[in-house]
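Contents: one structure, followed by commentary.
Throughout, read-outs are computed from the coordinates displayed, never taken from laboratory work. Only a predicted model underlies this, so the values are computations on that prediction, with no experimental measurement involved. Cβ placement follows ideal geometry from the backbone for every residue including glycine, while neighbour counts extend to all protein chains displayed.
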């Protein structure tokens, strides 16, 4: 399941995020990758003072985790602190899958990856996030403030940037529902449920769909 999430950050929030980022510096991003991915990772990651990094994370991730599409699609149990990845001309990230277990001390399973775009697509050429799916390669290059949610198990890459710079936040999620097919089904059912709750809150059909959704979440959740 590949889900685009519109409007995670608005223009004012993007400006605040970029201002915080400008106070840091970018360094070689390869050390944060796993052994296999390190060979194909050619980008930079943000180094920022702890207080400013906390403020940045609260801004970016705080808006993401409150977004209704994210909440419905991810059903997150644990969310990692993000990395802020920077690509300039000649940089790329080759084909890889994300590590299955991440973290230090408080470990989490990476069920889903999320990329939040922090600058506009016309500010750089190339730099598409390319995700292999059963329907072929899907290229994603979204407006600033938008995000994409995709399986961490999928083979994906960032195409070479040929002009300008690409700036994104990247994080990983352990979902309450481990099985991706069940999670996709719940997301679709929840969309119908929310529409019914809005349009026909007192209808018998709404009550039945609502109860079915709630009990499927109870049945399939791992807590």
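Provide the descending list of Cα extents for the range 13-75 along its principal axes, expressed in whole angstroms.
Answer, in whole Å and largest first: 36, 30, 18 Å.
Exposure proxy check: 91, 219 ranked by fewest other beta carbons within 10 Å? Write out the running numbers ahead of the final one.
Numbers: 91 21, 219 9.
By the 10 Å Cβ count, ascending, the order reads 219, 91.
Using every Cα-Cα pair within the range 60-129, state what percent have a distance larger than 16 Å. Let's see the in-between values first.
Details: 1453 of 2415 pairs.
Tail of the P(r) past 16 Å holds 60 percent of the pairs.
Provide the gained length on full extension for the span residue 71 to residue 32, in nm with one decimal, where the gain is 0.36 nm per separating residue minus the Cα-Cα distance. The partial results should precede the final answer.
Working: separation 39, 0.36 × 39 = 14.04 nm, distance 2.70 nm.
Net length gain for the segment: 11.3 nm.
When the Cα centres of the range 38-88 and the range 117-177 are compared, how far apart do they sit, in Å?
13
Suppose each label sits 7 Å from its Cα in the direction of the beta carbon; what would the residue 22-residue 221 distance come out to in nanometres?
4.3
Tell me, what is the percent relative contact order of the range 1-145, built from C-alpha pairs under 8 Å that lie six or more residues apart? Display every interim value, and only then the final one.
Values: 160 pairs, mean separation 36.5, N = 145.
Computed value for the range 1-145: 25 percent relative contact order.
Mind checking the full-extension length gain between residue 39 and residue 213? Use 0.36 nm per residue of separation minus the Cα-Cα distance, one decimal, nm.
Details: separation 174, 0.36 × 174 = 62.64 nm, distance 4.31 nm.
Full extension from residue 39 to residue 213 adds 58.3 nm.
For the chain, what is the mean residue ellipticity at 222 nm derived from helices alone (per DSSP H run of n ≥ 4: -39500 (n - 2.57); sum divided by total residues; nearest 500 deg cm²/dmol)?
Working: 6 runs with 77 residues, N = 223.
When only DSSP H runs of four or more count, the value is -11000 deg cm²/dmol.
Which of the peptides 121-127, 41-47, 172-178 is most tightly packed, and how do the rest follow, going by the mean number of other Cβ atoms within 10 Å of each residue?
Numbers: 121-127: 16.9, 41-47: 19.0, 172-178: 21.0.
Top of the packing list down: 172-178, 41-47, 121-127.
Would you mind calculating the relative contact order of the range 117-175 from Cα pairs under 8 angstrom and at least 6 residues apart, reporting the percent as a whole number?
Numbers: 89 pairs, mean separation 28.2, N = 59.
So the answer I get is 48 percent.
Against the empirical 2.2 N^0.38 Å scaling, what ratio does the C-alpha Rg of the range 104-223 come to? Show your work: numbers first, answer last.
Values: Rg = 18.3 Å, N = 120, 2.2 N^0.38 = 13.6 Å.
After normalising by residue count via 2.2 N^0.38 Å, the value is 1.35.
How high is the FRET efficiency from residue 192 to residue 108, r the C-beta distance, R0 30 Å, rounded to 0.05? All intermediate terms of the calculation are to be shown ahead of the outcome.
Values: r = 30 Å, r/R0 = 1.00.
The calculated FRET efficiency here is 0.50.
At what distance in nm do the modelled label points of residue 130 and residue 2 sit from each other, each positioned 7 Å from its Cα along Cα→Cβ?
Between residue 130 and residue 2, the simple spin-label model gives 1.2 nm.
When a/c is below 1.5 the answer is rounded, else prolate if a/b is larger than b/c, else oblate, so apply that to the range 3-175 with a ≥ b ≥ c taken from the square roots of the Cα gyration tensor eigenvalues. Present the calculation step by step, with values, prior to reporting the outcome.
Details: a/c = 1.16, a/b = 1.02, b/c = 1.13.
Rounded, since a/c falls under 1.5.
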